[in-house]
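One structure is given below, encoded as structure tokens.
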Amino acid sequence: QVQLVESGGGLVQPGGSLRLSCAASRNIFSNYAMAWYRQAPGKQRELVALITVNHGYSYADSVKGRFTISRDNAKNVVYLQMNNLKPEDTAVYYCNRFPPESTYWGQGTQVTVSS
């Protein structure tokens, strides 16, 4: 069974940084674009950033210049470096393929930005 396990979330003050990690239970990264998504309370899940097999990337306008996505195919891990965090970044963050596979959603990791 494929599992995606997100980690690295927490409580941080505005302007702070966090680095999220997503590990897979087996090798599902090598031939697929991967992405980070987030879901804030009362809102739909949205795409935050994606990275292609060849390390091309794309970001939501709201995080451009602040977030950086990367991947390590040898370790089956995808990362999201988040800098200059804002209260509106508060959400549960998930990783998945892009486009997402419905059966791959994990538990996510909570990111709370508050003073």
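Data overview
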{"read-out": "Additional length obtainable on full extension of the chain from Glu88 to Leu47, 0.36 nm per residue less Cα span", "value": "13.3 nm"}
{"read-out": "GluC sites (Glu not before Pro) restricted to region 46-115 and DSSP loop, no more than 13 other C-beta within 10 Å", "value": "Glu101"}
{"read-out": "Carbon/sulfur fraction of accessible area - region 4-115, other protein chains in place, 1.4 Å, %", "value": "47"}
{"read-out": "Relative contact order computed over region 1-88 (Cα-Cα under 8 Å; 6+ residues apart), in percent", "value": "33"}
{"read-out": "Three semi-axes of the equivalent ellipsoid, region 1-109, Cα gyration tensor, whole Å, largest first", "value": "21, 15, 13"}
{"read-out": "Cα-based reach from Lys64 at 24 Å (exclusive), listing lysines while leaving out same-chain residues under 8 positions away", "value": "Lys43, Lys86"}
{"read-out": "Surface per residue (accessible, 1.4 Å probe) for the chain, Å²", "value": "54"}
{"read-out": "Spin-label model distance (nm) - Ala74 vs His55, 7 Å beyond Cα toward Cβ", "value": "1.2"}
{"read-out": "Residue-by-residue Karplus 3J(HN,Hα) for region 88-97, coefficients 6.51, -1.76, 1.60, Hz, glycine and proline x", "value": "6, 7, 4, 4, 8, 9, 10, 10, 5, 5"}
{"read-out": "Cα convex hull of region 6-58 - mean projected area over all directions, nm²", "value": "5.0"}
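The values are calculated or read from the model by the stated rules, or taken from the named source; none is laboratory data. Only a predicted model underlies this, so the values are computations on that prediction, with no experimental measurement involved. Cβ coordinates were reconstructed from backbone atoms using ideal geometry, including for glycine residues, and neighbour counts include every protein chain displayed. We work out accessible area using only protein heavy atoms, side chains counted, and drop any ligands, DNA or RNA first. Shrake-Rupley method; radii C 1.70, N 1.55, O 1.52, S 1.80 Å.
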